[in-house]
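Working notes for the structure below.
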Protein chains: 2
Amino acid sequence: MPAAAFTELAGRAREAATVLALATRATKDAALHAMADALLRAETEVLAANAGDVEAARGTGTPEHLLDRLRLDADRLAAMAQGLRDVAGLPDPVGEVVRGSTLANGLRLRQVRVPFGVVGIIYEARPNVTADAAGICLKSGNAVLLRGSSSALRSNTAVVAALRAGASSAGLPADVVQLLAGEGHESVKELMRARGLVDVLVPRGGAGLISSVVEESTVPVIETGVGNCHVYVDAAADLDMALRIVLNAKTHRTSVCNAAESLLVHADVADAFVPRVVAALQEAGVRIHGDAAFAAHDGVEPATEEDWGTEYLALEISAAVVPDLDAALRHVRRWSSAHSDAIVTDSAAAAERFVAEVDSAAVLVNASTRFTDGGEFGFGAEIGISTQKLHARGPMGLPEMTSTKYVVTGDGHTR
Amino acid sequence: MPAAAFTELAGRAREAATVLALATRATKDAALHAMADALLRAETEVLAANAGDVEAARGTGTPEHLLDRLRLDADRLAAMAQGLRDVAGLPDPVGEVVRGSTLANGLRLRQVRVPFGVVGIIYEARPNVTADAAGICLKSGNAVLLRGSSSALRSNTAVVAALRAGASSAGLPADVVQLLAGEGHESVKELMRARGLVDVLVPRGGAGLISSVVEESTVPVIETGVGNCHVYVDAAADLDMALRIVLNAKTHRTSVCNAAESLLVHADVADAFVPRVVAALQEAGVRIHGDAAFAAHDGVEPATEEDWGTEYLALEISAAVVPDLDAALRHVRRWSSAHSDAIVTDSAAAAERFVAEVDSAAVLVNASTRFTDGGEFGFGAEIGISTQKLHARGPMGLPEMTSTKYVVTGDGHTR
């Protein structure tokens, strides 16, 4: 996409954002319901477009599990529509007074939530993200520029057409939602260079996509979702609980960023726990990359240095025995991607140290890493899980998609 | 500074940050008082070093007002020490529970403030920033890498030596405060490229410095302090109040980012107000760059397009008459740097529209733009005024120098 066309499109997003920022909650909620209705009305077109994407992807030899991520059906479309209605049911973050006081000199000070303005979302395969992201951005008062994967372009085009029609029928500018359909990576580059036109970029997808956006973007980025998550089984752990948590964290769903990728076991319980956890993981079909203590068991492969830093996103896990809590903390500090790390222990002191010294978006005690999730945390909807320290960390709901401004009211105050 | 040396230094900052993150408020406050004491004890060395900087700057023809910014004396040093003690008196943001609840499934969820880790500060002339920034970073639990201007290198070296000795005497690692003393801009570049080693960069200084850091840094940046601030005098303004606010906003202090740089007057009050404000500004020594309505007055120069976007930081102002509130809003949206913009009006409706539609860090009603300040807002200390939308917007106190993490506690919870 040539620069001029992008600038024109981003300019329309800015105009739409100016209107959307002043929209009442009632208008935004009506628009979300209208977008859901429009999506359901467009079922035939959306599914036909999606069939075209799936056909094309199959033609280029895309494996079946990726085709499944790309595929829409009536149920998935209904879930997308329901997602928009769920966002309509959430509180409006815009206008919330974050803090306020009357200063000693009588000035009234309020810090109020306001939208960012224009948000860019760069994402991969799943077309359901198109509706989810548009809904969250609209409710938080932001115009959105969506850049999905080219393999889902037909689906996304049909979905966005329906969403725009819905927004428009509720009296909002259609340009609150726009799809970037550029060739190759050109439109991603345009988004990354659009400082001043785009307020925030949120890349959602694999580590490669995220790190390239983080490195190259001049637009402020919220980094999401790479999770090399650890479960540490302490000397004072309830070993039955530990087994349940390890299995859940590793096998409940493997393709997600909050799945466990590495297991650490305190030496004091290694004899009692390692054989049990190896057997249980292998029974569940998990390939284990272990240190010497683990690799002494049949079927466990010796771990390489690389394994400790790997996010498998599959039925695979790295595993090591550590001499003590300090060694566990050192290992986590060295290798964790600072997404979610868990300790299993009945020792309050060990739990407290782990919580204080592990610097990750979420630190869990006696709970599976799978709980780091906007839905599980009760946020109702999430745009992703931030693994950076600036602005938002952990699951990002509607308030995390806003900025604030100070409103200062006086009676002719001067200094 | 070669990359290896920088990496080693940043590594020491990281180690120090790990210790500092776990320090109690009592330890940090004791360190701040010890730093203040050490600074006062080092008065002879610091003032001698500063005299060297001032001498060298005079030798290269630095104008007197810049020499004054560089100069330290016993009073200024005492103020720096007092600033550290004031920070000790402020609440500790680290450990604050931002939100918390027990989820339906019994999981206990807490969002807790934690330090960023390692913060880089890039700043210009004034050596007092060295102590201010070190104090704010220490209290918020962050190790700091300070990169001051080379013209203040002798002063900063002496100040940092005292601060390190103070921190160390209170039992904290001296490396919680380090000075980058590299040649030319090499150390600035190292800081900007230190993603993963440095968590956040805060540039403080002129527009050129800030925009180059924002453009080039791969480390997340908090943009501070460029202020093209407006005062809009509405049709419904109390004109005596308007005159006081315009004069205060423009002339109270001119070199600061919250000084007014542009004046807009509603056409309905132009005849009554323009002659008065021109006379009063000229009497105060202010050079006016006006549109046709203003330029009709003696001594007012015609404004060029460039004037509307200029941050003079001097006794100069741009000024225009606008036909209505909509035109004022359009002008502000077009030209404001989104720092601080004020309306003077007795109309609740006009004030409400201005507050809703001006998207700046601070929007002021019937008050001087000079109030956008951490001290005035009651924050006790500020590291700068953010003009970006991500993370922090407006004056940044101690809480703005922290991130958060989620602590999730269960009883063996799995999904």
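The values are calculated or read from the model by the stated rules, or taken from the named source; none is laboratory data. These numbers come from a predicted model, not from an experiment. Here Cβ is always computed from backbone atoms with ideal geometry, including for glycine, and neighbour counts include all displayed protein chains. Accessible surface areas use protein heavy atoms only, side chains included; no ligands, DNA or RNA. Shrake-Rupley method; radii C 1.70, N 1.55, O 1.52, S 1.80 Å.
Below, the figures for the structure above:
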quantity: Only listed residue being in the same structural domain as B:LEU239 (by TED's automatic domain parsing) and touching a residue at least 12 places away in the same chain (Cβ under 8 Å), chosen from B:GLY380, B:GLY309; calculated: B:GLY309
quantity: Within segment B:360-369, considering residues that are closer than 22 Å to B:ALA236 by Cα and outside any strand (DSSP E or B), the one farthest from the other protein chains (Cβ to nearest Cβ); calculated: B:THR369
quantity: Any pair with Cβ under 6 angstrom, 6 or more apart, that starts in segment A:199-219 at a residue that is within 13 Å of another protein chain (Cβ to nearest Cβ) and at pLDDT 85 or above and ends at one that is part of a strand (DSSP E or B) and open to solvent by 30 Å² or more (accessible area, probe 1.4 Å); calculated: A:THR218/A:ARG195; A:VAL219/A:ARG195
quantity: Selection within segment A:228-285 - among the small types (Gly, Ala, Ser) and within 12 Å of chain B (Cβ to nearest Cβ); calculated: A:ALA237, A:ALA242, A:ALA249, A:ALA259, A:ALA260
quantity: Failed item, numbered, when A:MET35 is tested on (1) more than 24 Å from A:GLY380 (Cβ to Cβ); (2) under 24 Å from the mean Cα position of the chain (by Cα); calculated: (1)
quantity: Selection status of A:LEU315, closer than 12 Å to A:HIS230 by Cβ and not assigned by TED's automatic domain parsing to the domain that holds A:VAL87; calculated: no
quantity: Any pair with Cβ under 9 angstrom, 6 or more apart, that starts in segment B:397-415 at a residue that is free of Cβ contacts under 8 Å to residues at least 12 places away in the same chain and ends at one that is buried (at least 18 other Cβ atoms within 10 Å of the Cβ) and among the aromatic types (Phe, Trp, Tyr); calculated: B:THR414/A:PHE371; B:ARG415/A:PHE371
quantity: So B:ALA207, is it touching a helix residue (DSSP H, G or I) at 6+ places or on another chain (Cβ under 7 Å) and of a type in the set (Gly, Ala, Ser); calculated: no
quantity: Test for A:HIS33: is it in a helix (DSSP H, G or I) and modelled with pLDDT under 95; calculated: no
quantity: Per-region count, segment A:290-314, residues closer than 14 Å to A:VAL274 by Cα and open to solvent by 70 Å² or more (accessible area, probe 1.4 Å); calculated: 3
quantity: Pick from segment B:325-349, criterion open to solvent by 10 Å² or more (accessible area, probe 1.4 Å) and touching a residue at least 60 places away in the same chain (Cβ under 8 Å), ranking: nearest to B:GLY374 (Cα to Cα); calculated: B:SER337
quantity: Failed item in (1) at pLDDT 95 or above; (2) of a type in the set (A, V, I, L, M); (3) within 23 Å of B:GLY52 (Cβ to Cβ), with B:ILE122 passing the rest; calculated: (1)
quantity: Unique match (being among the polar types (S, T, N, Q) and within 13 Å of chain A (Cβ to nearest Cβ)) among B:THR102, B:THR44, B:THR130; calculated: B:THR102
quantity: Breaking point among (1) surrounded by fewer than 21 Cβ atoms within 10 Å (Cβ to Cβ); (2) in contact with a strand residue (DSSP E or B) (Cβ under 7 Å, 6 or more places away or on another chain); (3) farther than 24 Å from A:ALA51 by Cα; (4) polar (S, T, N, Q), for A:ASN142; calculated: (1)
quantity: Subset of segment B:343-359 (residues that are of a type in the set (Gly, Ala, Ser) and either in a loop (DSSP other than H, G, I, E, B) or within 19 Å of the chain's Cα centre (by Cα) (or both)); calculated: B:SER347
quantity: Top-ranked residue in segment A:382-415 [being in contact with a Pro (Cβ under 9 Å, 6 or more places away or on another chain) and within 7 Å of another protein chain (Cβ to nearest Cβ); ranked as farthest from B:PHE379 (Cα to Cα)]; calculated: A:GLN388
quantity: Residues of segment B:337-350 satisfying the condition of being facing chain A (nearest Cβ under 9 Å) and within 11 Å of B:VAL233 (Cα to Cα); calculated: B:ALA342, B:VAL344
quantity: Subset of segment B:376-404 (residues that are open to solvent by less than 30 Å² (accessible area, probe 1.4 Å), part of a loop (DSSP other than H, G, I, E, B) and more than 27 Å from A:VAL118 (Cβ to Cβ)); calculated: B:PHE377, B:ALA381, B:ILE383, B:GLY397, B:LEU398
quantity: Residue in segment A:92-112 that is under 23 Å from A:PRO203 (Cβ atoms) and modelled with pLDDT of 95 or more present; calculated: yes
quantity: Single match in A:VAL54, A:VAL118 (criterion: away from every other protein chain (no Cβ under 14 Å) and open to solvent by less than 70 Å² (accessible area, probe 1.4 Å)); calculated: A:VAL54
quantity: Scan of segment B:226-238 for residues that are within 22 Å of B:LEU315 (Cβ to Cβ) and in contact with a strand residue (DSSP E or B) (Cβ under 8 Å, 6 or more places away or on another chain), ordered by number; calculated: B:GLY227, B:ASN228, B:CYS229, B:HIS230, B:VAL231, B:TYR232, B:VAL233
quantity: Boolean, B:THR102 is of a type in the set (Val, Ile, Thr) and under 30 Å from B:THR414 (Cβ atoms); calculated: yes
quantity: Restricting segment B:293-306 to residues that are free of Cβ contacts under 8 Å to residues at least 12 places away in the same chain and in a helix (DSSP H, G or I), the residue that is farthest from B:SER262 (Cα to Cα); calculated: B:ALA295
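For every residue, the table says whether it meets (1) outside the structural domain of B:SER140 (by TED's automatic domain parsing); (2) within 24 Å of the chain's Cα centre (by Cα); (3) of a type in the set (S, T, N, Q); (4) open to solvent by 20 Å² or more (accessible area, probe 1.4 Å).
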residue: B:THR18; (1), (2), (3), (4): no, no, yes, yes
residue: B:THR27; (1), (2), (3), (4): no, no, yes, yes
residue: B:LEU40; (1), (2), (3), (4): no, no, no, yes
residue: B:VAL46; (1), (2), (3), (4): no, no, no, no
residue: B:ALA74; (1), (2), (3), (4): no, no, no, yes
residue: B:MET80; (1), (2), (3), (4): no, yes, no, no
residue: B:LEU84; (1), (2), (3), (4): no, yes, no, no
